[in-house]
């Protein structure tokens, strides 16, 4: 079974991606931070349809929480094959009325979290030791393992 992680999967696009991956046969780890109950409902819908899913509450704009989620997904579902960085926020105010603190939260969630999640994914795949150079896992990720970013 392939394993996927979808951040920001408590609703909208993230929930739809998580549910579709489960339909396609993936075990899905999903994160939900501001709406953990909604994330659990997505997990429960996947399980009700005979899928395998776990939900983790995590602020993916924090490096330590990204590391914790990657470890938890690996421990509960197995090695990751797909990572979807989907977490995002936008305060319910106009830019005119937005505070600097609101803007900093947007940057942390929408930008820094994407970097942290992608970096964790790259490091995870770099550490992976494919069984042979012809394995599907190796061919799918070889470009990422050899990236010089």
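The values are calculated or read from the model by the stated rules, or taken from the named source; none is laboratory data. Since we're looking at a predicted model, the values are computed, not measured. Every residue, glycine as well, gets a Cβ built from its backbone with ideal geometry; the counts of neighbours run over all protein chains shown.
Within the stretch 107-120, being over 15 Å from the mean Cα position of the chain (by Cα) and surrounded by 15 or more Cβ atoms within 10 Å (Cβ to Cβ) holds for one residue alone: 108.
Being surrounded by fewer than 19 Cβ atoms within 10 Å (Cβ to Cβ), within 25 Å of residue 104 (Cα to Cα) and free of Cβ contacts under 8 Å to residues at least 60 places away in the same chain narrows it down to one of 10, 34, 61, so name that one. Exactly one residue qualifies, and that residue is 34. Of all the listed residues (4, 67), the sole one being touching a helix residue (DSSP H, G or I) at 6+ places or on another chain (Cβ under 9 Å), modelled with pLDDT of 95 or more and surrounded by fewer than 16 Cβ atoms within 10 Å (Cβ to Cβ) is 67.
Residues that are touching a residue at least 12 places away in the same chain (Cβ under 8 Å) and assigned to a loop (DSSP other than H, G, I, E, B) within the stretch 89-126 comprise 89, 90, 91, listed in sequence order. For residue 124, the requirement of being under 15 Å from the mean Cα position of the chain (by Cα), over 20 Å from residue 22 (Cβ atoms) and at pLDDT below 95 is met. Among the conditions (1) at positive phi; (2) within 11 Å of the chain's Cα centre (by Cα), residue 17 misses just one, which is (1).
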